[in-house]
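Scroll down for the structure; my scribbles are underneath it.
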Amino acid sequence: MEHVHAFGDDALGDHDAVGLAEAIQSGQVTRAEVVDAAVARLHRVNPKLNGLAYAAFESARERAAQPPPDRPRFFDGVPTFLKDNVDAAGMPTMQGTDAWSPHPAAADGAFARLYRAVGLSVLGKTQLSEFGFSAAAEHPRIGPVRNPWNTDYTAGASSSGSAAFVAAGVVPIAHANDGGGSIRIPASCNGLVGLKPSRGRLPLDKDFRMMPLRIVFNGVLTRSVRDTAAFFREAERLQPARRLPVVGDVTGPGRRRLTIAVVTRSINRDASPEVTALTLQTAALLEELGHRVEHVADPPVPARFADDFLLYWAFLATALVRGGRRMFGPTFDRGKLDNLTLGLDRHARRHIHRLPAAVARLAAARRRSARFFADYDVLLTPTVAEQTPKVGHFDPTADYEQIIDRLMDWVAFTPLQNATGDPAISLPLTQTAAGLPQGMMFSAEPGAEARLLELAYELEEARPWACIQAAKR
């Protein structure tokens, strides 16, 4: 076991992203100093965490050395990373795989343009699982991304590298995206705030926009609620979401007491006894705060949801495996893909005749969700069904059936909101007996990000979450 972080007495200090932005704007630190500090921190912890996919340190330093703009954006100069499945000018987009030869993107994709426009300084890209399919980034060649709270454990889901770097203090905010839980799961594993927004809230790159059912959502991982709230505020000012209520400038708890449903069972399993107990503790805290809490036995999930979601997930793998040369160029070699990707491809081809009905049922899940949220303001569930597993539990070189059974068992709660488009946030409210963070997930109807952020502020004040710097080694 090793406990790893990079916090120290440098230009980054213990600042969250909002605090660092204020320090830069007030002249306490310079943009160049914070970039240098972030790079130094990365060099200190990356040999143990293994979260870096591509370094763009020199270009970040060049930008930081330029005179600040006359009207700087709110996050001007705050260092960050993009996940390596969105396009960023001058950087390769490798999707966590070795299946083709890398080449730099000619221009920023839709999300990177917005991400830079709020002022964030991109230092490079972070590791993910191959195409984001696995709930742990364990690359067969370069090794796994490890959890800074305990490096024997995974950093969780496909946004592993971003989560590890934010938790370890390399940067205060980093990009993540979520096609089945990959904002919320690494938030749970690493003690972070992770908000998966409503469908249509933030832009998607072209490949994600072309999906028959858009289940992928961009977002950020942060250490504080105010950082997440500030990012969505600034993004909305530059690119408002049509057909959704505004998020606005959410700066603290809401006054209205909410009706909150609590569910500890997914469609295919109960949460573990420990995770169930932690969820009920969170429910008790909500009651202490004056919210009305109702325990609901059955989740608002269609009966065939797990099978349908797996088939759609597998169909996306088939599109990549079979269309690889067209999408990634002549160097694409499916022989270099991992067993999970190849197994998903086989599953989709075996059941392809069921796909149209599965997609229709997934799309219809939002109607069931809408009926549920007619009675409840918020749904509380655990983010994942079990404690964070050790590195190797999701070994991508293992037999496909072993990998997929373990994935479906652990990632039992998060995929629903990918199908419905509902917003959901994981908050680091609890810890397991092993001392690992364990996230609690709150979801609501589409457009209700402000409600979730207000509740998150309230819970953060009532039960401040553990800091990795203060945790016992």
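The values are calculated or read from the model by the stated rules, or taken from the named source; none is laboratory data. Predicted model, so just to flag it, every value in this text is computed and none were measured. Neighbour counts are summed over all protein chains in view; Cβ atoms, including those assigned to glycine, are modelled from backbone coordinates with ideal geometry. Side chains are part of the model used for accessible areas, which takes the heavy atoms of the whole protein and leaves out ligands, DNA and RNA. Shrake-Rupley method; radii C 1.70, N 1.55, O 1.52, S 1.80 Å.
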Next on the checklist: Name the single residue that is nearest to GLU138 (Cα to Cα) among those in the stretch 395-416 being modelled with pLDDT of 95 or more and touching a helix residue (DSSP H, G or I) at 6+ places or on another chain (Cβ under 6 Å).
Outcome noted: ILE403
Checklist entry - in contact (Cβ under 8 Å) with a residue 12 or more places away in the chain, more than 30 Å from GLY335 (Cα to Cα) and open to solvent by less than 10 Å² (accessible area, probe 1.4 Å), is that true of LYS196? => result yes
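One residue is enough: does the stretch 440-449 have a residue meeting the conditions of a type outside the set (Val, Ile, Thr) and within 24 Å of PRO148 (Cα to Cα)?
Yes: the stretch 440-449 contains one or more residues that are of a type outside the set (Val, Ile, Thr) and within 24 Å of PRO148 (Cα to Cα).
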Next on the checklist: Within the stretch 114-122, does at least one residue satisfy the condition of being without any contact (Cβ under 8 Å) to a residue 60 or more places away in the chain and either over 13 Å from the mean Cα position of the chain (by Cα) or surrounded by fewer than 24 Cβ atoms within 10 Å (Cβ to Cβ) (or both)?
Outcome noted: yes
Checklist entry - Within the bounds of the stretch 196-209, is there any residue that is of a type outside the set (Val, Ile, Thr) and in a strand (DSSP E or B)? => result yes
Next on the checklist: Out of VAL45, VAL35, VAL18, I need the residue that is touching a residue at least 40 places away in the same chain (Cβ under 8 Å), crowded, with 19+ Cβ neighbours inside 10 Å and under 23 Å from HIS139 (Cα atoms). Which one?
Outcome noted: VAL45
Next on the checklist: Kindly evaluate ASN85 against the criterion of being in contact (Cβ under 8 Å) with a residue 12 or more places away in the chain and at positive phi.
Outcome noted: no
Item to check | Answer from ALA157, ALA174 - the residue that is touching a strand residue (DSSP E or B) at 6+ places or on another chain (Cβ under 7 Å), under 19 Å from GLY191 (Cβ atoms) and either in a loop (DSSP other than H, G, I, E, B) or not β-branched (Val, Ile, Thr) (or both) | outcome: ALA174
Checklist outcome for this item: Expected single match for of a type in the set (A, V, I, L, M), under 18 Å from PRO423 (Cβ atoms) and in contact (Cβ under 8 Å) with a residue 12 or more places away in the chain among ALA283, ALA271, ALA241 is ALA241
Checklist entry - Counting only residues that are in contact with a helix residue (DSSP H, G or I) (Cβ under 6 Å, 6 or more places away or on another chain) and part of a loop (DSSP other than H, G, I, E, B), which one in the stretch 433-462 is surrounded by the most Cβ atoms within 10 Å (Cβ to Cβ)? => result ALA444
Item to check | Residues satisfying the stated conditions in the stretch 43-89, i.e. closer than 20 Å to ASP16 by Cα, assigned to a helix (DSSP H, G or I) and in contact with a Ser or Thr (Cβ under 8 Å, 6 or more places away or on another chain) | outcome: ALA60, ALA64
Item to check | Number of the condition not met by LEU195 [criteria: (1) of a type in the set (A, V, I, L, M); (2) at pLDDT 95 or above; (3) farther than 21 Å from ASP84 by Cα] | outcome: (3)
Checklist outcome for this item: If we keep only residues of the stretch 199-225 that are open to solvent by 20 Å² or more (accessible area, probe 1.4 Å) and among the charged types (D, E, K, R), then the residue farthest from ASP87 (Cα to Cα) is ARG223
Item to check | Extreme residue, least open to solvent (accessible area, probe 1.4 Å), among residues of the stretch 285-321 that are of a type in the set (Asp, Glu) and assigned to a helix (DSSP H, G or I) | outcome: ASP308
Checklist entry - Mind checking which residues of the stretch 147-193 are within 18 Å of ILE468 (Cα to Cα), buried (at least 24 other Cβ atoms within 10 Å of the Cβ) and of a type in the set (S, T, N, Q)? => result ASN147, THR154, SER160, SER162, SER188, ASN190
Checklist entry - Tell me, which helices (runs of 4 or more DSSP H) lie completely within the stretch 348-429 with 2 or more residues that are exposed (fewer than 15 other Cβ atoms within 10 Å of the Cβ)? => result 355-373, 400-410
Checklist entry - Among the residues of the stretch 1-37, how many are assigned to a helix (DSSP H, G or I) and farther than 12 Å from VAL170 by Cα? => result 12
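Which of the residues belonging to the stretch 234-268 are open to solvent by less than 80 Å² (accessible area, probe 1.4 Å), closer than 19 Å to THR282 by Cβ and part of a loop (DSSP other than H, G, I, E, B)? Spell out how you get there, then give the answer.
Here is the first cut: in the stretch 234-268, the ones open to solvent by less than 80 Å² (accessible area, probe 1.4 Å) are 234-236, 238, 241, 244-245, 247-248, 250, 252-254, 258-264, 266-268.
From the residues that got through so far, the ones that are closer than 19 Å to THR282 by Cβ too are 253-254, 258-264, 266.
Residues satisfying the conditions are PRO253, GLY254, LEU258, VAL263, THR264, SER266.
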